[in-house]
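Notes to accompany the following structure.
The values are calculated or read from the model by the stated rules, or taken from the named source; none is laboratory data. Remember, it's a predicted structure, so these values are computed and weren't measured experimentally. Methodologically, a virtual Cβ is constructed for each residue, glycine included, from the backbone with ideal geometry; neighbour enumeration extends over all protein chains shown.
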């Protein structure tokens, strides 16, 4: 494996880890993070919605499931 390939693999692993930890806060209404940091949560959700072209959090969850993020 070349250093470019290992760098790309590492970047992909980091991105996948971010998705796994971020998406449960959107899909679970009982998750404690939104209550503690509502502005950061809203900004994060808005970013995901824009990235996925979704109009609702439900659509974000559906698209995340289709992409294998959940």
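Here are some notes:
- Residue pairs meeting the criteria (Cβ under 9 Å; at least 6 apart or on separate chains; first on the phi > 0 side of the Ramachandran plot and at pLDDT 90 or above, in the stretch 36-54; second assigned to a helix (DSSP H, G or I) and surrounded by 13 or more Cβ atoms within 10 Å (Cβ to Cβ)): 53/59; 53/63
- Residue match in the stretch 55-69 (condition: modelled with pLDDT under 65 and either at positive phi or part of a helix (DSSP H, G or I) (or both)): no
- Failed condition for residue 31, given (1) in contact with a helix residue (DSSP H, G or I) (Cβ under 9 Å, 6 or more places away or on another chain); (2) assigned to a helix (DSSP H, G or I); (3) at pLDDT below 60: (2)
- Just so you know, in the stretch 50-70 the residues that are touching a helix residue (DSSP H, G or I) at 6+ places or on another chain (Cβ under 7 Å) and under 18 Å from residue 15 (Cβ atoms) include one that is surrounded by the fewest Cβ atoms within 10 Å (Cβ to Cβ), and it is 70.
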